[in-house]
Amino acid sequence: MKFRDTRLLRGKTMNVTVSLAANGWHIAFACEIDHAVPQNDLPAVGIDRGVANTLTLSTGEHWWMPAGLAEIEPRKRRAQRVLARRKRGSRRHAKARRRVAALQARAARIRQDWRHKASLDIARRFATVVLEDLATRNMTRSARGTVDAPGTNVCQKAGLNRAILEQGWHGFETVLADKLEERGGYLCKVDPRHTSQTCSACAAVDRESRESQASLMRLARPCRPQCCNQHPASEHGVYDRGGRAAALR
């Protein structure tokens, strides 16, 4: 079988998986290699995952998903509308279905490629990464409710669910954990409650310390006279809690 070799194989090949996806055939090799975990003395960083900013680091960096995803989304919606007009079982319906599946597969590949590149860059620069322990599945549950107890703001919640899933929070966490472990790093997950309302200087909690969902800068009165009123709230709150947890590790 011929295939495009994109990476030099190392170690002993234990398993080979051939799969068919909407964007073609794929082959994956599972290899057993000898790997010694190195001593990692790099600094720590806190990361806040969001919708407006995919990743916000305690260093002040902001990371976003590739712009190509925004270009694919309207094309996918148009293709889904075309699919809805086709007669089930017809050749045109099958062709339209393959078109939608190809666009979805392309978006998934873009997200996966970005996750690997972003997590690799972070794993190479930091030894300890602190994330909020988010229950993504619970956060993206439908607000539709039941017949007896119908939900409220169903459309708004559905839009938020799509936005969260498009960012791929859980997938990024999984890939980052693997890359940190390979390099002797450590992924620390902390309680997400009040991290965006906690002052990084004095640990005071104030609900007015967050300007909006997109802005994580403290704008309310200083907690103490010596506190600066421009601390990035959420990512520093995550970093502070993670620092204490990493010290007890």
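Applying 1/(1 + (r/R0)^6) with r as the Cβ-Cβ distance of residue 2 and residue 105 and R0 = 30 angstrom yields a FRET efficiency of 0.85.
Take 182-189, 46-53 and order them by the average number of nearby Cβ atoms within 10 Å per residue, most first; the result is 46-53, 182-189.
Computed FRET efficiency, Cβ-Cβ of residue 166 and residue 26, R0 35 Å: what is it to the nearest 0.05?
Details: r = 23 Å, r/R0 = 0.65.
According to the calculation, E is roughly 0.95.
So the label point goes 7 Å from the Cα of residue 17 along Cα→C-beta, right? Which residues of segment 159-175 then have their backbone N under 11 Å from it? No residues fall inside that zone. Solvent-accessible surface of segment 47-109, averaged per residue with a 1.4 angstrom probe and all protein chains in place: 65 square angstrom.
Extension gain for residue 92 to residue 9 (0.36 nm times residue separation, less C-alpha to C-alpha distance): 25.7 nm.
Extension gain, residue 121 to residue 39: 0.36 nm times the residue separation minus the Cα-Cα distance gives 27.7 nm. Using equal-weight Cα scatterers in the Debye expression, the normalised intensity of segment 23-126 in log10 at q = 0.19, 0.20, 0.23, 0.25 Å⁻¹ is -1.03, -1.08, -1.20, -1.28. Ordering 2-13, 167-178 by mean Cβ neighbour count within 10 Å, with the highest value first, yields 167-178, 2-13. Taking the 1.4 Å solvent-accessible surface of segment 54-184 as the whole, the part contributed by carbon and sulfur is 51%. Label zone (residue 182, point 7 Å along Cα-to-C-beta; backbone nitrogen cut-off 17 Å) within segment 88-122: 112-122.
A simple rule links phi to the HN-Hα coupling: the Karplus curve 6.51 cos²θ - 1.76 cosθ + 1.60 with θ = phi - 60°, which for segment 44-49 gives 9, 8, x, 10, 10, 9 Hz, with x for Gly and Pro.
The values are calculated or read from the model by the stated rules, or taken from the named source; none is laboratory data. Values in this document were obtained by computation on a predicted structure and should not be read as measured data. Here Cβ is always computed from backbone atoms with ideal geometry, including for glycine, and neighbour counts include all displayed protein chains. Protein only, heavy atoms only, side chains kept; ligands, DNA and RNA dropped before computing areas. Shrake-Rupley method; radii C 1.70, N 1.55, O 1.52, S 1.80 Å.
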